[in-house]
Amino acid sequence: MNKNEAIAMVNQSGKGYVLTERNTFFAAVVKKEGDEGWWLNIPLSAFGKDIHILLSSEKAKLFHHLLIKGRSLLSPAMKFRCKDQVADIFISAASPKRLVDQVNGGSKHNFSKHTVGEYRF
């Protein structure tokens with residue numbers, strides 16, 4: 001599953017979401033220090049508008065659709081480790097810290113409350 005395929009699947013789901021290249025961030029599972037999860041680099045300026053995040057797992061043959069409403073995260077620079085005005089985020093795929101940012105220097109933000117769907121492929 002790649003970003004364009006995932007965007008098309010969500011847009012065709014009939015749930016009313018309109019994902020584009022510009023409002024959507026995509027990541028596939030990778031290994032990090034004994035954990036598995038998704039790396040994302042999101043410009044801080046993007047948090048002013050709705051952000052769609054698609055987290056793909058080839059092993060599970062599914063992807064998670066997260067939606068962060070614009071301006072719903074107050075001070076994203078304080079929630080995530082940032083470099084050059086970009087949030088550096090590693091969302092864990094493993095229990096019990098599933099969908100929690102695990103980057104040192106962040107606030108361990110839990111992304112599960114932003115989940116709006118799961119799609120099998």
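Considering only S72, S107, S95, give the residue with the highest GNM mean-square fluctuation for the chain, with springs between Cα atoms whenever their separation is below 10 Å.
S95
Could you identify which residue out of P96, P43, P76 has the top mean-square fluctuation in a GNM of the chain using Cα springs shorter than 10 Å?
Residue with maximal mean-square fluctuation among P96, P43, P76: P96.
Label-point separation (nm) for K31 and F121, each offset 7 Å from Cα along Cα-to-Cβ?
2.3
Non-local amide H neighbours of V86 (under 5 Å, H modeled in plane, Pro and chain starts lacking H): which ones?
L44
Just to confirm a number: summing +1 for Lys and Arg and -1 for Asp and Glu over residues other than F47 whose beta-carbon lies under 10 angstrom from that of F47, what do you get?
Net charge around F47: +3.
For the chain, with a Gaussian network of springs between Cα atoms less than 10 Å apart, report the residue from G105, G16, G37 with the top mean-square fluctuation.
Per the Cα network of the chain with a 10 Å cutoff, G16 tops the list.
Can you pull the three principal axis extents for the Cα set of the chain, in Å, largest first?
On the principal axes, the chain reaches 37, 33, 23 Å in Cα extent.
Let me confirm the definition first: pairs of Lys residues in the stretch 11-121, 8 or more apart or on different chains, C-alpha distance under 19 Å. How many are there?
Close lysine pairs found across the stretch 11-121: 22.
Over what distance in Å are the Cα centres of the stretch 6-62 and the stretch 73-113 separated?
Between the Cα centre of the stretch 6-62 and that of the stretch 73-113, the gap is 14 Å.
Calculate one ³J(HN,Hα) per residue across the stretch 98-108 by plugging θ = phi - 60° into the Karplus curve 6.51 cos²θ - 1.76 cosθ + 1.60, and present them in order as whole Hz with x for glycine and proline.
Each residue's phi maps through the Karplus curve to give 4, 6, 10, 5, 10, 7, 4, x, x, 9, 6 Hz.
Any read-out appearing in this document is the output of simple, stated calculations on the displayed coordinates, not a laboratory observation. Keep in mind it's a predicted model, so treat the numbers as computed, not measured. Don't worry about glycine lacking a Cβ; one is built from the backbone with ideal geometry, like all the others, and counts go over all protein chains shown.
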